[in-house]
Structure formats: structure tokens, C-alpha cells
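> Pasting in a structure now, in C-alpha cells, and then I'll have a few things to ask.
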Amino acid sequence: MNVKLDCASFFNALTSQGVGYFTGVPDSLLKEFCAYVQDHAAGGRHIIAANEGAAVALACGHHLATRGIGLVYMQNSGLGNAVNPLTSLTSPLVYGIPLLLLVGWRGEPGVPDEPQHRQMGEITEAMLSTLGVAHSILPADDLEAAECLNAAVRHCTAENRPYALLVKAGTFAPYESRAHVEASFSLTREAAVCAVVDSLTEHDVVVSTTGKTSRELYEYRVSKGHDLSRDFLTVGSMGHASQIALGIAGARPEREVYCIDGDGSTIMHMGSMAIVGTHGPRNFRHVIINNGAHDSVGAQPTVGFQMDLPAVAVACGYRYAMCASTIDQIGQHMRTLTACDGPVLLEIKARTGSRADLGRPQSTPEQNKFAFMDFLNA
Ligand SMILES: Cc1ncc(C[n+]2csc(CCOP(=O)(O)OP(=O)(O)O)c2C)c(N)n1
């Protein structure tokens, strides 16, 4: 694709058509536009939501208060989180709320992508149709995009229902953000992952979260010549790693189970912490690497640095929770963590960024699953 959509002209087209409220969960295909919104949306007019369903609800609240149309941006995997409010809140069969969805189309048929995007990529258009959400593909040409937007806004307003603009890979022109997450911590996520792994035994089980955490874990295992089958790399299903780990820990009391999570992932389904706190067995150990950002898709800020995760964990019923921001502290706290009964939490404060040459797992998710199950049963 040669023509690229200028973020400023699309943003201006939105605001001039009355779409002045922005919310969503970032996506790598939308990262240029997300960065532009982060820099240019008026105060209080942009919220990076906990999850995509919450973003739909935020735009709904904005409409109730102002009659205005909000824009909800998301990766198409986030449609999974948004189905409930799209069918039971914004649907014309219920309240009939107009809003615009801007959906990054990962796994578009014919475009090579990761396994976790294939099914959703194939069904995205059909799924929107099933949800009664009319949609079109956002053109990369500025004028065509403005016309497409105009038709979308007219549709939303006339029909009192959502409309989706699908965004193909490479649609937006590069945009360099002015706002970077402040690097208050020097530790990288990769160094944190390595330090956690160094504190584990060869019998311990790891469930790692979506994004670069799992890729860094995989590469470290390969570099150390470790058995790769002790890790379950959760390539999709953002925010659910802790519950996968909880399911394993409950069924395998003889194994120490570690969940290596991210702040964005934890916040996406934070209610799961209350379930861990209440039902988490003694062999459940939660490590959250908090870099204050959705680093894997462009480092858009989360509220990770504005909250006290260990306090949340203790309030949810975890037996013990602590925080580290250096390799030495990780080593010390991991010794404590392994010595006491779970559920326990270690938050690791880190900075954003990753190696430019970071690879991806060479095995398929299915191969990972079988090897992991064999390891658990060995
Ligand atoms: C439901 C859903 N929404 C959005 C995404 C896109 N996505 C993949 S990784 C990621 C960021 C994860 O952030 P965090 O857990 O803080 O880990 P970090 O990347 O910062 O290490 C996002 C938003 C996704 N995979 N699934």
C-alpha cells in the first residue's frame, strides 16, 4: 500500500464531523493514530480503557451526557470483549446508541499473520454483520477517508447504532508521539523476565501473558538451553493468563505455578485478581511486570503507575504482595515468594522498550500445548 492516511487529517475529519470523544484499547495497526489521539484529544476527551467492552460503555456514557458520537478504537480481537455491550447496550433492539468503531484488522485473509489472529481475521466482517454493525474499510486516501467517515457518521446518527471502520495493516502514515511514558525505572521487561526465570526450578510451571513477555521468555529459554515445555505462552486471550495458571495450580498441587503478567493485561480483566485472592491455592504465584504501558503494541500508557498493585492484591485476598524495581530486589523477593504459601504477588516496575531483533516462538501454539501437557503429566 503506497498511499498512507495522515493521522492529523483523519483526526481533523473526525472532530469536524462532531466525533470528539476517544476511547479504546490500543493495537499495533492503529498505533500511529492512537499516538496522535493521545497527543491531540482535548482534556478529558480520551481514555485508554481497561478493555474494549468498557470502551464501548464509556462512549455510550458520553453519548448519554452529550448526544455526541464517540470513537472506540480496538484490535479486532477486542471485538470479543465488546460483543456483550454491542448486543445488550448499543444495539437498536435495546438502547440504540450511535458510536464509531475503528477496528484494526489483524489476520485479514490473504495477509500472513500470527496464529492467534487467524480465526478472528477471517470472521471479522461476518461477525460485525451478525452483530448488526454496518462497516466499511477505511481508505488510506485522505479525501476518500473523509467521505467514508461522513457516510459512517450519517449512518450512526440516522439509525442510532454503531458503525465500524475496518483498518488494514499499513493504512496510517507514521506519526512520532510527543508523549512518552516517563522512564522512572531502568529495568527492562526482558531483564525482569530473565531474573524471574533464574529464580525458578526445573519443575516449576510458567504461564506468560500476551505480547512481548512471552517472546522474551521463549528466547531466554532457548539461549539457556532450557526445556521449553514448562512454559505455556499465552499468545492471544489478553488478560487471561492468571486464570489459565489458576486452573493449572488447582489441578496440580504438586507443581509451583507462576503467572508472568503485564500491567495492561492485568487491568484488562482485573476482576480475576479477586478470584485468585479467594480461590488461589498455595502453589499459585503471580508476577506482574508493570511498565505503565501497552508496550507490545506501541507503548500507549496504562494506569499501571497510578495504582498500587500489591495493595490491590492484598485487598483481594493474596497472602503476601511485594514490589521490586532492580535485579537484586527481584532475586530477594523471589526467594521470599517461593518460601511462602500462595497466592502471592510480585510486582516488578520496569521501563518500556524491547530489542529490535526480538524473535517469535518457532513452535506452533498447538506444539506448545502438547509439550506443556506432557511436562505437567511427567
Ligand atoms: C483483547 C485484546 N485487545 C488488544 C490486544 C492487543 N495487545 C496485544 S499485547 C497488548 C499490550 C499488553 O500490555 P501489557 O500487558 O502491559 O504488556 P506489555 O506489552 O507492556 O509488556 C495489547 C493491547 C489483544 N491482543 N487482545
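Just so you know, all these numbers are worked out from the coordinates, no wet-lab data involved. If you're wondering where the values come from, they're calculated on a predicted model, not measured in any experiment. Neighbour counts run over all protein chains shown; Cβ positions are idealised from the backbone, glycine included.
> Taking K and R as +1 and D and E as -1, what net charge do the other residues with C-beta under 14 Å from the C-beta of residue 215 add up to? Can you show the working numbers first?
Numbers: positive: 189, 212, 221, 355, 360; negative: 114, 190, 216, 219, 231, 295, 357.
Combined, the nearby Lys, Arg, Asp and Glu give -2.
> Hey, could you pull the Cα Rg and Dmax for the chain, both in Å?
Expressed in Å, the Cα Rg and Dmax of the chain come to 21.3, 62.
> Sticking with this structure for a sec: Treating only the Cβ of Lys, Arg, Asp and Glu as charged (+1, +1, -1, -1), what charge dipole size does region 133-176 show about its Cα centre? Round to the nearest 20 debye.
On the way: 3 positive and 6 negative charges, 54 e Å.
Once rounded to the nearest 20, the dipole reads 260 debye.
> Restricting to DSSP H runs of at least four residues, report the calculated mean residue ellipticity at 222 nm for the chain, -39500 (n - 2.57) per run over all residues, nearest 500 deg cm²/dmol.
Working: 14 runs with 162 residues, N = 378.
The helix-only estimate for the chain comes to -13000 deg cm²/dmol at 222 nm.
> Per Stokes-Einstein, at 4 °C and 1.567 mPa s, what whole-number D in µm² s⁻¹ belongs to region 7-167, with the Kirkwood radius over Cα pairs as the hydrodynamic radius?
Values: Rh = 15.4 Å.
It diffuses with D of about 84 µm²/s by this estimate.
> Pull out a ≥ b ≥ c, the square roots of the eigenvalues of the alpha-carbon gyration tensor of region 40-105, then state rounded if a/c is under 1.5, prolate if not and a/b is larger than b/c, and oblate in the remaining case.
Working: a/c = 1.87, a/b = 1.06, b/c = 1.76.
Oblate shape, in that a/c is at least 1.5 and b/c is the bigger or equal ratio.
> How many percent of DSSP beta bridges within the chain run antiparallel, rounded to 5?
On the way: 2 of 52 bridges.
Rounded to the nearest five, the antiparallel share is 5 percent.
> Another question, if that's okay. Lys/Arg Cβ at +1, Asp/Glu Cβ at -1, dipole of region 242-308 taken about the Cα centre: which of 300, 260, 289 is farthest positive-ward?
The residue sitting most towards the positive pole is 260.
> Same structure, new question: Mind grabbing the base-10 log of I(q)/I(0) for region 332-378 at q = 0.17, 0.18, 0.27, 0.29 Å⁻¹? Debye formula, identical points on the C-alpha positions, no solvent, two decimal places.
Ignoring solvent entirely, the Cα scatterers give -0.95, -0.96, -0.86, -0.92.
> Give the range of the longest stretch in the chain that excludes all trypsin sites (Lys or Arg not before Pro) found in loop regions by DSSP and having at most 12 other beta-carbon atoms within 10 Å.
Details: sites that count: 67, 178, 355.
It works out to 179-354.
> Also: Can you find, among 66, 12, 43, the residue sitting farthest towards the positive end of the charge dipole of region 7-167, where Lys and Arg contribute +1 and Asp and Glu -1 at Cβ?
It is 66, whose Cα lies furthest towards the positive end.
> Here is a further query. Looking at the chain, identify the longest residue range that excludes and avoids all GluC sites (Glu not before Pro) in DSSP loops having at most 12 other Cβ atoms within 10 Å.
Values: sites that count: 176, 182, 202, 254.
Answer - 1-175.
> Among 136, 120, 316, pick out the residue whose Cα is farthest towards the positive end of the charge dipole of the chain, where Lys and Arg carry +1 and Asp and Glu carry -1 on C-beta, about the Cα centre.
316
> With only alpha-carbon pairs counted, each pair once and no self-pairs, how large is the Kirkwood hydrodynamic radius of region 299-378 in angstroms? Please list the in-between numbers first.
Numbers: mean 1/r = 0.0634 Å⁻¹.
Mean inverse Cα-Cα distance, inverted, gives 15.8 Å.
> How big is the charge dipole of region 7-167 about its Cα centre, in debye rounded to the nearest 20, if each Lys and Arg gets +1 on its Cβ and each Asp and Glu gets -1 on its Cβ? Please report the intermediate quantities before stating the final value.
Details: 7 positive and 14 negative charges, 122 e Å.
In debye, rounded to 20, region 7-167 gives about 580.
> Using the C-alpha gyration tensor of region 189-377, what are the square roots of 5 times its eigenvalues, in whole angstrom, with the largest one first? Let's see the in-between values first.
Numbers: eigenvalues 92, 82, 49 Å².
Ellipsoid semi-axes (Å, largest first): 21, 20, 16.
> Note down the magnitude of the dipole of the chain about its Cα centre, charges +1 on Lys and Arg C-beta and -1 on Asp and Glu C-beta and zero elsewhere, to the nearest 20 debye. Numbers along the way, then the final one.
On the way: 27 positive and 37 negative charges, 117 e Å.
The dipole magnitude comes to about 560 debye.
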